[in-house]
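What follows is a set of notes on a single structure, which appears directly below.
The values are calculated or read from the model by the stated rules, or taken from the named source; none is laboratory data. It should be emphasised that the depicted structure is a prediction, and the values quoted were computed from it without experimental measurement. Here the Cβ positions follow ideal geometry from the backbone for every residue, glycine too, while neighbour counts run over all protein chains shown. For the accessible areas, the whole protein counts, side chains as well, though only heavy atoms, and no ligand, DNA or RNA atoms are used. Shrake-Rupley method; radii C 1.70, N 1.55, O 1.52, S 1.80 Å.
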Amino acid sequence: MKAKIRAYKSPDDIETSLRYIEGHRKVLESYGVKKVTSANHNWLYDDQTYVVIVESEDGDRIFGGTRVQIRSQNLKMPMEDAISKIDSNIYAYMDKYENKKLAEFCGLFNSKEVAGYGIGSIFLGRIAIAICANMGVDHLMGLCSPATLRNSLRVGFEILRDLGNNGTFYYPRESLIATALIIEDVQNLPNATIEEKNRILDLRNNPSQFAVEKGPKGELEIIYDTKI
């Protein structure tokens with residue numbers, strides 16, 4: 001299978017961002033989820049929001065995507081509003097980091113067409129972390145599902161046990177569990193496995209490259225175009 005992964009600042013390509021929104025909506029609805037905080041579109045024209053899209057070589061089909069949303073005075077991170085409904089301490093907790101550059105890895109999805117290749121569980125995580133390091137982000141946060149927790153820990157995340165029930169919440173609905181995560185040191189990735197750290201560093205230093213990646217379902221030929 002072949003795919004292209006590219007990254008851009010959301011306002012620079014509104015058309016693709018709208019296609020990303022539609023793809024995300026369809027995947028959520030296939031799981032019976034009608035609305036989640038990260039599916040709000042207030043980030044669309046935000047110059048601190050970056051979209052990573054996985055698409056066919058010709059750009060006709062979107063296979064998946066995610067966002068890196070930097071926290072600012074104008075726009076909080078999606079997980080703050082999501083967690084506030086369950087744990088009101090979230091805003092005070094985030095304010096402790098007011099002197100740091102925070103971002104959230106959010107809005108992650110992949111289509112059923114590419115399920116099992118690792119696009120949503122590993123490849124997009126690597127790229128998000130690589131982008132954050134190049135943008136000077138100090139801490140990267142996020143919410144993950146049980147299915148992606150293991151790979152999230154591999155790429156350097158830790159569980160934010162100070163929030164919710166030892167880091168877990170019922171989100172985006174009562175029957176689904178999400179875990180709050182953080183990478184405290186985006187530059188050095190002390191908690192990532194050696195293999196993942198080396199791959200992320202390579203993607204950070206060489207954002208335009210071609211690679212044959214191995215996923216659970218088989219090999220995936222990827223053209224990377226993630227320089228911002």
Report task. Go over the candidates 17, 38 one by one and state the one that is open to solvent by less than 60 Å² (accessible area, probe 1.4 Å), assigned to a helix (DSSP H, G or I) and at pLDDT 90 or above. Result -> 17
Report task. Check 176, 153, 149, 143 and return the single one that is buried (at least 21 other Cβ atoms within 10 Å of the Cβ), of a type in the set (A, V, I, L, M) and out of contact with any His (no Cβ under 7 Å at 6 or more places or on another chain). Result -> 143
**Report entry** Filter result for residue 105 (modelled with pLDDT of 90 or more, surrounded by 15 or more Cβ atoms within 10 Å (Cβ to Cβ), in a helix (DSSP H, G or I) and aromatic (Phe, Trp, Tyr))
**Finding:** no
Query raised in the report: Quick one: in the range 117-135, which of the residues that are outside any helix (DSSP H, G or I) and farther than 19 Å from residue 48 by Cα is most open to solvent (accessible area, probe 1.4 Å)?
Result: 117
Report summary line: Note on the range 160-173: residues crowded, with 18+ Cβ neighbours inside 10 Å and of a type outside the set (Gly, Ala, Ser) are 160, 163, 168, 169, 171, 172
Query raised in the report: Condition test on residue 91, is it hydroxyl-bearing (Ser, Thr, Tyr), touching a Leu at 6+ places or on another chain (Cβ under 8 Å) and farther than 21 Å from residue 205 by Cα?
Result: no
Query raised in the report: How many residues does the range 86-102 hold that are among the basic types (Lys, Arg) and buried (at least 17 other Cβ atoms within 10 Å of the Cβ)?
Result: 1
**Report entry** Count - residues of the range 56-90 that are without any contact (Cβ under 8 Å) to a residue 12 or more places away in the chain and either touching a helix residue (DSSP H, G or I) at 6+ places or on another chain (Cβ under 7 Å) or not in a loop (DSSP other than H, G, I, E, B) (or both)
**Finding:** 1
Query raised in the report: Looking only at the range 214-228, which residues are among the acidic types (Asp, Glu) and either part of a loop (DSSP other than H, G, I, E, B) or over 19 Å from the mean Cα position of the chain (by Cα) (or both)?
Result: 219, 221
Query raised in the report: In the range 142-172, how many residues are in a strand (DSSP E or B) and hydroxyl-bearing (Ser, Thr, Tyr)?
Result: 2
Requested in this report: Go through (1) modelled with pLDDT of 95 or more; (2) in a loop (DSSP other than H, G, I, E, B); (3) loosely packed, with under 13 Cβ neighbours inside 10 Å one by one and return the number of the condition residue 198 breaks.
Outcome: (2)
Query raised in the report: If you go through the range 128-148, how many residues are under 18 Å from residue 68 (Cα atoms), out of contact with any Lys or Arg (no Cβ under 6 Å at 6 or more places or on another chain) and of a type in the set (A, V, I, L, M)?
Result: 7
